[in-house]
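The values are calculated or read from the model by the stated rules, or taken from the named source; none is laboratory data. If you're wondering where the values come from, they're calculated on a predicted model, not measured in any experiment. Note that we place each Cβ from the backbone using ideal geometry, even for glycine, and neighbour counts take in every protein chain shown.
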Amino acid sequence: MYNSQLWKTFWNFIVHHYDGEKEDLVKINVPKSKSLEAACLALDVGYRHVDTAYAYQVEEEIGQAIQSKIKAGVVKREDLFITTKLWCGCFRPELVKPALEKSLKNLQLDYVDLYLIHYPVPMKPGDNESPLDENGKFLLDTVDFCDTWERLEECKDAGLVKSIGVSNFNHRQLERILNKPGLKYKPVCNQVECHLYLNQSKLLDYCESKDIVLVAYGALGTQRYKEWVDQNSPVLLNDPVLCDVAKKNKRSPALIALRYLIQRGIVPLAQSFKGNEMRENLQVFGFQLSPEDMKTLDGLNKNFRYLPAEFLVDHPEYPFVEEY
């Protein structure tokens, strides 16, 4: 039941919080007042799906926004779809439930609608979300994510989360969970980088064959975070082919990029602090792209990844060595 409803519920859309000038390698630092303001604005505009993560360090502000809007009568809890994620340093089975409970406390919620394993790569646990050795390399761990998955299943049974899924998993890693002895709940979704330059067609086909929803972050080509993204990489929304399709349809390049994903059955996540952009993104349901336009946009795929998560590359579970 939950998976069959998930796509529709997801498409109450997304709020992602960032500040393009202030990031480190594994978390995005946002002025607290700015993230709170953005979350409140998004809920006022009409967004009902909030995607966050412990690593983003804005769960408390999102919780404040949610509670303020519930008290003001703007939304009801049952109208919202709240997603958060288990960070890599909490893969050890005994750490999973406490990590979720901490996120719930931050969010001021009794449950979240979706809880994801953030990456398939475990890090050493500790107080620091970015544990480094003396050479500045990340301290990685050897936990089997299938063991972590069992504890997510227990969290679902305990009513702390409605659905569970993964993020940044390749098809072989998904297959390992699906084939795990004693599997109780399969992942309802896989959240991955996906956009016109990385259209994930093979991973989409695989996920659809397993009734797993593909969720796209970086749907507009990312916000080009300085520490994460090569500043010489192409700017997706400036692509001349995309701009031509946008002009033809009398829409912005951003709307075309989002609509392209929707028509392929992908849930795109959009990012903004600006009310006018939030409102514009919601117009994505007001038109359709022709088969010819879809084929033209298919041709933009370069298998290009803006966010390769190179800080995890030394681990055998690094997901992006696979084609999909």
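A few notes on this one:
- Which listed residue is more than 16 Å from the chain's Cα centre (by Cα), among the β-branched types (Val, Ile, Thr) and more than 19 Å from Tyr119 (Cβ to Cβ), from Val241, Val229: Val241
- Qualifying residue in the range 93-115 (condition: outside any helix (DSSP H, G or I) and small (Gly, Ala, Ser)): no
For every residue, the table says whether it meets (1) under 30 Å from Pro131 (Cβ atoms); (2) among the small types (Gly, Ala, Ser); (3) in contact (Cβ under 8 Å) with a residue 12 or more places away in the chain.
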site	(1), (2), (3)
Leu237	no, no, yes
Leu242	no, no, yes
Ala246	no, yes, no
Ala254	no, yes, yes
Ile266	no, no, yes
Gly275	no, yes, yes
Gln283	no, no, yes
Asn303	no, no, yes
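- Looking across the range 80-128, the residues that are among the basic types (Lys, Arg) and under 20 Å from the mean Cα position of the chain (by Cα) come down to Lys85, Lys102.
- So Asn199, is it closer than 19 Å to Lys85 by Cβ and surrounded by 21 or more Cβ atoms within 10 Å (Cβ to Cβ): no
- For the range 269-324, the set of residues classified as touching a Gly at 6+ places or on another chain (Cβ under 9 Å) and outside any loop (DSSP other than H, G, I, E, B) consists of Met278, Arg279, Leu282, listed by residue number.
- Of all residues in the range 255-313 being of a type in the set (Ser, Thr, Tyr) and surrounded by 13 or more Cβ atoms within 10 Å (Cβ to Cβ), the one that is nearest to Val58 (Cα to Cα): Ser272
- Of all residues in the range 242-273 being of a type in the set (Ser, Thr, Tyr) and at pLDDT 95 or above, the one that is farthest from Lys202 (Cα to Cα): Ser252
- Taken over the range 168-210, the residue count meeting the criterion of being assigned to a loop (DSSP other than H, G, I, E, B) and of a type outside the set (Gly, Ala, Ser) is 18.
- Conditions (1) at pLDDT 95 or above; (2) of a type in the set (A, V, I, L, M, F, W, C); (3) outside any helix (DSSP H, G or I); number of the one not met by Val229: (1)
- Taking the numbered list (1) closer than 21 Å to Tyr119 by Cβ; (2) part of a loop (DSSP other than H, G, I, E, B); (3) among the small types (Gly, Ala, Ser) in turn, Gly265 passes all entries but (1).
- Subset of the range 144-167 [out of contact with any helix residue (DSSP H, G or I) (no Cβ under 8 Å at 6 or more places or on another chain) and not in a helix (DSSP H, G or I)]: Asp144, Gly159, Gly165, Ser167
- Any hit, the range 19-28, residues being at pLDDT below 95, touching a Phe, Trp or Tyr at 6+ places or on another chain (Cβ under 8 Å) and within 26 Å of Ile262 (Cβ to Cβ): yes
- Just one residue in the set Lys102, Lys8 is charged (D, E, K, R), surrounded by fewer than 23 Cβ atoms within 10 Å (Cβ to Cβ), modelled with pLDDT of 95 or more and more than 23 Å from Leu312 (Cα to Cα); that residue is Lys102.
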